[in-house]
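Participant: Pasting in a structure now, in structure tokens, and then I'll have a few things to ask.
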Amino acid sequence: MSTSTSNDTVSQRSSLATLKGLLPFLRPYKTQFLLAGIALLVAASATLAIPYAFRQMIDLGFGGSGDRSIKHVDLTFLALFAVACILGVATAARFYMVSWLGERVTADIRNAVYAHVVTQSPQFFETTQTGEVLSRLTTDTTLIQTVVGTSISMALRNTLLFIGGLAMLFVTSPKLSSIIVVMLALVVLPIVLFGRRVRKLSRDSQDRIADASALAGEILNAMPTVQAFTHEQLEAQRFSASVESAFATAMRRIRARSWLTMLAILLVFGAIVFVLWLGAHAVMQGRMSGGELGQFILYASIVAGAVGALSEVMGDAQRAAGATERLLELIAVQSPIQSPARPQLLPARPAQNSGAALALRDLVFHYPSRPQSAALSHLSLEIRPGETVAIVGSSGAGKTTLFQLLLRFYDPQRGTILLDGVDIRQLDLHALRDTVGVVPQDTVIFSADAMENIRYGKAGASDADVIAAARMAAAHEFIEKLPEGYRSFLGERGVRLSGGQRQRIAIARALLKNPPLLLLDEATSALDAESERLVQGALELAMQGRTTLIIAHRLATVQRADRIIVMEHGHIVETGTHATLVEQGGVYAKLAALQFNLYRDEE
């Protein structure tokens, strides 16, 4: 099999797969498609009736004499007006139904893609830029809307006109129609072959647009850094280069589509003009009437117009096919982190604030993007209910990785994590994560007011509960001083708050959730001395009666932990209390000596 043949086969399979992938979104609206189809049939039938009326007018009206011919002309024009009324109503109904379908199906696709993307594990976002996902949600779905809401209707309408017009051509003159069909068959082949190139270019064009969107999204989310390093002009040039690349790809697609349109029109109309020349000779030789030739010309024009419109629709369809493939690829991605088919239930805890028990056994983990480097290596750890464990170590030791495994953002390649004696891979993901509260190092603040940002920790919590959590996190005072208090909009990513204020919002969110297991990842790293004192007191209160894991580089925040775990290169190298670890003179003692000497020097 040749390479070109193989590529053609793959392309055909891809087209079929694309159509099959859209069927679940189209199937719920069978009634609407049926109504649109009826309106389409009526409109096409009305259009096809017009040439026959003109034939009657020419042969019986203009070809007759006296009052009878006038009567035929009057009746013909009355019939034409009636057909126009039917055509207008049917066309309006068709337009409404297909436009509704386009909007509805597009909304369903957007919802499906977004709902699927938000269930993906962090592994997905290691290799996929959010800007590219947004491009697929907006630009690609808009192209599909054009196809479902316009192009499919136009394609069906012109297909009906083509078939009906061709049938009436054979009724009018079988000989001329046979000639025109043979010529059209020769014309369609190069159009189809050229259309495949348009489809490939359409996919490339969408990819380049997605690249530009991804770049813009990344830079706009990092404007303080860009401006701090005075890279505004450099980033503008990078974006301009990306946009120009998208423009160049789009122009290749437009040129190919222009050639496709020109080729279709020239070949189709050239064939029809040749056949009409033969028809004119037939009239002059008395083998056709003038009305029959007029009817043939109108039907030929309808057929030619239908073919031209179909070639135009083909261009839209080729672009949408590329967009559909991209969206279906996104929907087809399956997260490696899934809830089990039959999840186990966590055992009932003896008391409401008894905390969760954790057991980590022989964990080995490599990030998918760094398979050669072990983030955790044969790590084992037992944590009792209600125990506070601090995890310290240099950057890259595996502390945050451990938290990500506890939340099951990733699964270890080896080993197990037990929560209250149950392997977390046997738990429903929501049940597992509802058990865990997190205060991350990089605080996420949503574009909402302070009340809703804290309530994110527990959907449906009352305003009183939110305010109580804010008081525990030492956030109430500064929130009250905002222009509208708890109803103050905090800006995109919390730009209206200081780093310490954002951190206290995140702590209040975790406290509102009130989980049996609390993970604190540098929870006080962005706080000033006074705020740290307030939050530390709140955290100590919150940690009572629950299991808490604390990651901290500042050792002063972990001295009162029940146990301190020291990690290096994915291993646990030391375990003990602050006092015992300092006495051992190992890694922790060196870190403590360095930090506390620095603190004394600063004082």
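The values are calculated or read from the model by the stated rules, or taken from the named source; none is laboratory data. Only a predicted model underlies this, so the values are computations on that prediction, with no experimental measurement involved. A quick note on method: Cβ atoms are made from the backbone with ideal geometry, for glycine too, and the neighbour counts reach across all protein chains shown. Each accessible area value is taken on the protein alone, full model and side chains, heavy atoms only, with ligands, DNA and RNA left out. Shrake-Rupley method; radii C 1.70, N 1.55, O 1.52, S 1.80 Å.
Participant: Is segment 283-302 home to any residue that is touching a helix residue (DSSP H, G or I) at 6+ places or on another chain (Cβ under 9 Å), under 27 Å from VAL148 (Cβ atoms) and crowded, with 16+ Cβ neighbours inside 10 Å?
Facilitator: Yes; the residues of segment 283-302 include at least one that is touching a helix residue (DSSP H, G or I) at 6+ places or on another chain (Cβ under 9 Å), under 27 Å from VAL148 (Cβ atoms) and crowded, with 16+ Cβ neighbours inside 10 Å.
Participant: Going through segment 218-233 one residue at a time, which ones are loosely packed, with under 12 Cβ neighbours inside 10 Å and part of a helix (DSSP H, G or I)?
Facilitator: Applying the first criterion (loosely packed, with under 12 Cβ neighbours inside 10 Å) to segment 218-233 yields 224-225, 227-230, 233.
Within segment 218-233, PRO224, THR225, GLN227, ALA228, GLN233 qualify.
Participant: Hey, any hits in segment 278-296 for a residue that's in contact with an Asp or Glu (Cβ under 6 Å, 6 or more places away or on another chain), within 14 Å of SER173 (Cβ to Cβ) and among the small types (Gly, Ala, Ser)?
Facilitator: Initial filter on segment 278-296 (in contact with an Asp or Glu (Cβ under 6 Å, 6 or more places away or on another chain)): 289, 291.
From what's left, within 14 Å of SER173 (Cβ to Cβ): 289, 291.
After this cut, where a residue has to be among the small types (Gly, Ala, Ser) as well, the list is 289, 291.
Yes; the residues of segment 278-296 include at least one that is in contact with an Asp or Glu (Cβ under 6 Å, 6 or more places away or on another chain), within 14 Å of SER173 (Cβ to Cβ) and among the small types (Gly, Ala, Ser).
Participant: Please pick out the residue among ILE265, ILE297 that is among the aliphatic types (A, V, I, L, M), part of a helix (DSSP H, G or I) and in contact with a Ser or Thr (Cβ under 9 Å, 6 or more places away or on another chain).
Facilitator: Values: ILE297 fails: in contact with a Ser or Thr (Cβ under 9 Å, 6 or more places away or on another chain).
None of the other options fit; the residue is ILE265.
Participant: Here's something else I'd like to know. Is it fair to say ALA473 is farther than 20 Å from PRO515 by Cβ, open to solvent by less than 70 Å² (accessible area, probe 1.4 Å) and either in contact (Cβ under 8 Å) with a residue 60 or more places away in the chain or in contact with a strand residue (DSSP E or B) (Cβ under 8 Å, 6 or more places away or on another chain) (or both)?
Facilitator: Details: farther than 20 Å from PRO515 by Cβ: no; open to solvent by less than 70 Å² (accessible area, probe 1.4 Å): yes; either in contact (Cβ under 8 Å) with a residue 60 or more places away in the chain or in contact with a strand residue (DSSP E or B) (Cβ under 8 Å, 6 or more places away or on another chain) (or both): yes.
In short, no.
Participant: Additional query: One residue is enough: does segment 416-429 have a residue meeting the conditions in contact with a Leu (Cβ under 6 Å, 6 or more places away or on another chain), part of a loop (DSSP other than H, G, I, E, B) and under 18 Å from ILE337 (Cα atoms)?
Facilitator: Checked against the condition, which is being in contact with a Leu (Cβ under 6 Å, 6 or more places away or on another chain), part of a loop (DSSP other than H, G, I, E, B) and under 18 Å from ILE337 (Cα atoms), segment 416-429 yields no hits at all.
Participant: If you don't mind, another one. Condition first: of a type in the set (S, T, N, Q), farther than 23 Å from LYS513 by Cβ and open to solvent by 60 Å² or more (accessible area, probe 1.4 Å). Can you find one or more residues in segment 335-357 that meet it?
Facilitator: Yes, the conditions are met somewhere in segment 335-357.
Participant: Given the conditions (1) at pLDDT below 75; (2) under 26 Å from MET262 (Cα atoms); (3) aliphatic (A, V, I, L, M), report the number of the one that ALA214 does not fulfil.
Facilitator: (2)
Participant: Kindly establish whether ARG257 is closer than 26 Å to THR141 by Cβ, in a helix (DSSP H, G or I) and in contact with a Gly (Cβ under 6 Å, 6 or more places away or on another chain). Show your work before the answer.
Facilitator: Details: closer than 26 Å to THR141 by Cβ: yes; in a helix (DSSP H, G or I): yes; in contact with a Gly (Cβ under 6 Å, 6 or more places away or on another chain): yes.
Spelling it out, ARG257 is indeed closer than 26 Å to THR141 by Cβ, in a helix (DSSP H, G or I) and in contact with a Gly (Cβ under 6 Å, 6 or more places away or on another chain).
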